[in-house]
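Everything on this sheet refers to the single structure shown next.
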Amino acid sequence: MNRSVIMDNEKKNSFYGITDIGQAEELLNLFRRDHPNDIVGAENMLQELLEVLLAPETKLTGTATDFHNFSVSITRITNDNRNALAIVKEGLKIHACDTDLLADALRYGYNCGEKEECETLYKRLQSIDKSSWTWRAFSFSIDYLIGIYSSDRVHSFSVEDILKLAQEYKENQPDEEDAWLSEQEIYAKTNQPEKGIKVLEEAMEKFSSCPRCWLRYADIMMDKGEYEKAEPVIKKMRRDPKTSEAINSSYMFYLDGLCKMRRLINSDEYDEGEVDPKEVLRVYKAFQLSLASPGLRENTKRNIEEQINRLSTETDIEYPQEWRV
């Protein structure tokens, strides 16, 4: 490339010359830290970085973790699976047998509809001893197989084959609660929900802390109308400091509020109009925590507002004004 072209590229893109994926990730993280609400700015910065990093003449460097982290940033900012796949494939040129990157590529490739490429990636993963597989390798492979099994694609494996992989996941990663979640997901997607519930119960018996299994179990129980089984599990989630790192806290508090509200409105006192204001405030507090916690979804917010309106109308006890966002 001649000097005039290089100078022109430098003028157009301030990131020209960056080849280390870790440096790119650090720059992106610094911008997001300093400008947390500037979504458009983060998108524009990411696009400029990708323009440089994925240029034909660029030879990228970085650790496997760097490539993984940058691909995750791409999906978080723009939900662009194709560019995330492109970055991971660049990483695989350097770290050909890294099972995290192979798993990432499998997930992004499936989301892009790259059927043949995914088949190749899965075969590459299968050629690596499972003692070297990370949790992503197991989890994403199981998701991939479930996706194909549930589609109209021709496949040469059975549900038992997927379950065998889940069992290998549990054997190789015995301290990883996701192994039990993956097995439950297989049963859920193959019309065997009760077996899936038993898997979650097995996990809750095995682990002293398993926030994701607790949340999945509570959600299922509440869908089945078995609130009395969900309540003690939700209480465990609320009391476990690891919960906020593993699950959507906003959704947990929402389920907690629904359980408290159901117990309240099903009481004889409620029917007779003899409501203890403290019990109503307990429901409101759970909803307030949901509304104030990270991960609040728009549909959850709408549902909470509906429940608050119902409760305030039926009890004449208003939701505290100072709690409103």
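A short reminder: the numbers here are calculations on the coordinates, not readings from a lab. For clarity, every value in this text was computed on a predicted model and none was experimentally measured. Heads up, the Cβs are rebuilt from the backbone with ideal geometry, glycines too, and the neighbour counts pull from every protein chain shown.
Some points to look at:
- Of (i) 85, 50, 36; (ii) 65, 44, 41; (iii) 61, 51, 34, the label for Cα extents along the principal axes in Å derived from the coordinates: (i)
- Sequence-distant residues sharing a close amide H with Asp20 (under 5 Å, placed H): Thr61
- Span-rule helices in the chain, defined as complete DSSP H runs reaching 15 Å or more along the axis (Cα) with Kyte mean at least -1.0: 21-34, 39-53, 64-78, 81-94, 99-112, 135-150, 159-172, 178-189, 193-206, 211-223, 249-265, 277-292
- Here each label is just a point 7 Å from Cα along the line to Cβ, and for Ser209 and Arg310 those points are 3.5 nm apart.
- Cysteines of the chain lacking any other cysteine Cβ under 4.7 Å from their own Cβ: Cys97, Cys112, Cys118, Cys259.
- Dividing the mean sequence gap of close Cα pairs (under 8 Å, 6+ apart) by how many residues segment 1-124 holds gives a relative contact order of 21 percent.
- Spin-label model distance (nm) - Glu48 vs His35, 7 Å beyond Cα toward Cβ: 0.8 nm
- In summary, segment 91-212 shows an alpha-carbon radius of gyration equal to 1.06 times the 2.2 N^0.38 Å reference for compact globular proteins.
- Choice from Glu205, Glu231, Glu168 with maximal GNM fluctuation in the chain (Cα, 10 Å cutoff): Glu205
- Structural descriptor for segment 129-207: relative contact order 28 percent, calculated from alpha carbon pairs under 8 angstrom and at least 6 residues apart.
- Applying both filters, DSSP loop and at most 16 other Cβ atoms within 10 Å, to the GluC sites (Glu not before Pro) of segment 227-307 gives Glu272, Glu274.
- Ratio Rg/Rh, restricted to segment 1-110 and using Cα atoms, in which Rh is the Kirkwood radius: 0.98
- Percentage relative contact order, the chain, counting C-alpha pairs under 8 Å, at least six apart: 8 percent
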